[in-house]
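S.K.: Below is a structure I'd like to ask you about.
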């Protein structure tokens, strides 16, 4: 292990998988969350309590870092109110400490491309509230890099799933192992790029350890797009039994959103699942020699983790 310190703010699935890859690369890793507690991480990973909204705390927890990874976010329905301030507090701390910054991001800022493949160099044409928030934040990061305030890179993924994820994975895969109905949205017959969370973490760790990555935006190497129907078939093949599916359309989601703020926030993003939603990740694949985890393998690993997690919760 080297003495080079890499600090990850946020200990959700992306933070965890970024940490695992950095440990594999021999880096010293510190992870920061509110509690200062986290289980299931490799030996030697330092867990520290912090507050990503607090500039002074961010300065303290990132002092001495070579690279800082922004993997924290507010609750989904609090993005507009809280996300820009959270990032600003992290960015200012990283700049003050002279570290580099790697940001974990998504595709919302590109808006509706009418089914055309999404590439890193497409203009931001966000037409949703959360897309405009993400666009504003991404511009702030790249402007800070361009001005010399710090060196930064952005890594993005499409809708991700996998071990440690309690969002898409808990809705679209976990119930199948319990003999219950999985929840999907939009249409079942439209091609969609799904990213694997382990690959997303590997991308961020790669960006943080490759000097040529800074000043640019990179997409997570991801499997070829499949329809949700094809995804369900792969899941059925892995678990060896039929899967019951409930598909929520725009009207259903709008109604359910009246009672659930998380569902309410998904309505404006339905375009991702009602037409082709395809991400072109060839840039990172060519530059870094990275390859996506094949979708059947990603589902296999996710199912194995879910079975262990279900058994832990039952014990």
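Readers should treat all values here as calculations from the given coordinates under stated rules, not as data from a laboratory. Remember, predicted model here, so these are calculated numbers, not experimental data. Positions of Cβ are backbone-derived with ideal geometry, glycine not excepted, and every protein chain shown enters the neighbour counts.
S.K.: I need 75, 177 ordered by Cβ neighbour count within 10 Å, fewest first. Please report the intermediate quantities before stating the final value.
M.R.: Working: 75 12, 177 18.
Result, fewest neighbours first: 75, 177.
S.K.: For the chain, find the longest principal axis of its Cα atoms and tell me its angle to the long axis of helix 129-146, 0 to 90°, nearest 10.
M.R.: 30
S.K.: Still on this structure, please answer the following. Over all directions, the average projected area of the alpha-carbon convex hull for the stretch 1-61 comes to how many nm²? It would help to have the intermediate numbers written out before the result.
M.R.: On the way: hull surface 15.6 nm².
Averaged projected hull area, Cα only: 3.9 nm².
S.K.: Answer rounded, prolate or oblate for the stretch 233-315, using the Cα gyration tensor with square roots of eigenvalues a ≥ b ≥ c: rounded when a/c is under 1.5, else prolate when a/b is larger than b/c, else oblate. List each step's numbers first, then the result.
M.R.: Working: a/c = 1.98, a/b = 1.14, b/c = 1.74.
Judged from the Cα gyration tensor, the stretch 233-315 comes out oblate (a/c at least 1.5, b/c at or above a/b).
S.K.: Please report 286, 202, 100 as a ranked list, fewest other C-beta atoms within 10 angstrom at the top and most at the bottom.
M.R.: Values: 286 10, 202 26, 100 21.
Starting with the residue having the fewest Cβ neighbours, the order is 286, 100, 202.
S.K.: If you don't mind, another one. Measuring from centroid to centroid over Cα atoms, what is the spacing of the stretch 1-79 and the stretch 168-216 in Å?
M.R.: The stretch 1-79 and the stretch 168-216 have Cα centres separated by 20 Å.
S.K.: Taking the chain as the reference, fit the longest principal axis to its C-alpha atoms, fit the long axis of helix 79-97 to the helix C-alpha atoms, and give the angle between the two in degrees, 0 to 90, nearest 10.
M.R.: 30
S.K.: Cut-off 10 angstrom, C-alpha nodes, Gaussian network model of the chain. Which of 13, 250, 223 fluctuates the most?
M.R.: Sorting by GNM fluctuation, first place goes to 250.
S.K.: While we're here: For residue 188 and residue 224, calculate 0.36 nm times their separation in residues minus their Cα-Cα distance, and state this gained length in nm to one decimal.
M.R.: Numbers: separation 36, 0.36 × 36 = 12.96 nm, distance 1.62 nm.
Computed gain between residue 188 and residue 224 is 11.3 nm.
S.K.: Given R₀ = 45 Å, what would the calculated FRET efficiency be for residue 24 paired with residue 147, taking r from the Cβ atoms and rounding to 0.05? Please report the intermediate quantities before stating the final value.
M.R.: Details: r = 34 Å, r/R0 = 0.75.
Given R0 = 45 Å and the Cβ-Cβ separation, E is 0.85.
S.K.: Would you order 301, 21 from fewest to most other beta-carbon atoms within 10 Å of each residue's own beta-carbon? The partial results should precede the final answer.
M.R.: Working: 301 16, 21 22.
Taking fewest neighbouring Cβ atoms as first place, the list is 301, 21.
S.K.: Roughly what angle does helix 197-208 make with the longest principal axis of the chain, taking Cα atoms, 0 to 90 degrees, to the nearest 10?
M.R.: 20
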